[in-house]
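Notes follow once the structure below has been shown.
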Amino acid sequence: MPLVFGVLCGWLMGGSFVGLMSLMLPRLARERPGLLRQISRETTPLQIVIPAFGLAFLGWGVVGLVLGAVYLLLEDTVPGGGLGSPNQAFTLFVLGLAAAGAIPLGTLWRWGRLPVLGIVVSFLLLFGWVFPWLAS
């Protein structure tokens, strides 16, 4: 069952990711106008949003599946709760992943730190705490 809950949390993360990235797009257009000029003038926003939405859900679903497999491995290897989670080792692993992603992105995208922070907090909440409670 943890694999199913991992995919479910991945889909929830995909929704959060799409919402927060949509807040980042106007700022991206101001900071990097050349990037948006490369997109054909014949392309409608819908032709960009729908595939991006699908890819976000697919990608985060795969991340959830992989994290579900890691949870199964850690559940047998290092059982024990802590930090408000039924599996402290998994929550620490997710915390490490979040830090490993947040530090470079926050450094590179100084103009987008708030949406990046929102994505990191969503990741931590969904995979660090909600997922272990669902899977246990």
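The values are calculated or read from the model by the stated rules, or taken from the named source; none is laboratory data. The structure presented is a predicted model; accordingly, all values stated were derived computationally and were not measured. We place every Cβ from the backbone using ideal geometry, glycine too, and count neighbours over all the protein chains shown.
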Considering (1) surrounded by fewer than 16 Cβ atoms within 10 Å (Cβ to Cβ); (2) under 16 Å from Leu12 (Cα atoms), say which one Thr107 fails and leave the rest.
(2)
I'd like the residue in region 66-83 that is among the small types (Gly, Ala, Ser) and over 13 Å from Ser136 (Cα atoms) and, out of all such residues, is surrounded by the fewest Cβ atoms within 10 Å (Cβ to Cβ).
Gly82
Can you tell me which of Ala56, Ala98, Ala102 is surrounded by 14 or more Cβ atoms within 10 Å (Cβ to Cβ), among the hydrophobic types (A, V, I, L, M, F, W, C) and modelled with pLDDT under 90?
Ala102
For region 52-99, enumerate the residues that are in a helix (DSSP H, G or I), hydrophobic (A, V, I, L, M, F, W, C) and more than 18 Å from Gly10 (Cβ to Cβ).
Ala89, Leu92, Ala99
For region 1-18, indicate whether the set of residues that are under 22 Å from the mean Cα position of the chain (by Cα), loosely packed, with under 13 Cβ neighbours inside 10 Å and at pLDDT below 90 is non-empty.
yes
Selection count where residues are among the aromatic types (Phe, Trp, Tyr) and either in contact with a strand residue (DSSP E or B) (Cβ under 6 Å, 6 or more places away or on another chain) or within 18 Å of Leu134 (Cβ to Cβ) (or both), scope region 75-110:
2
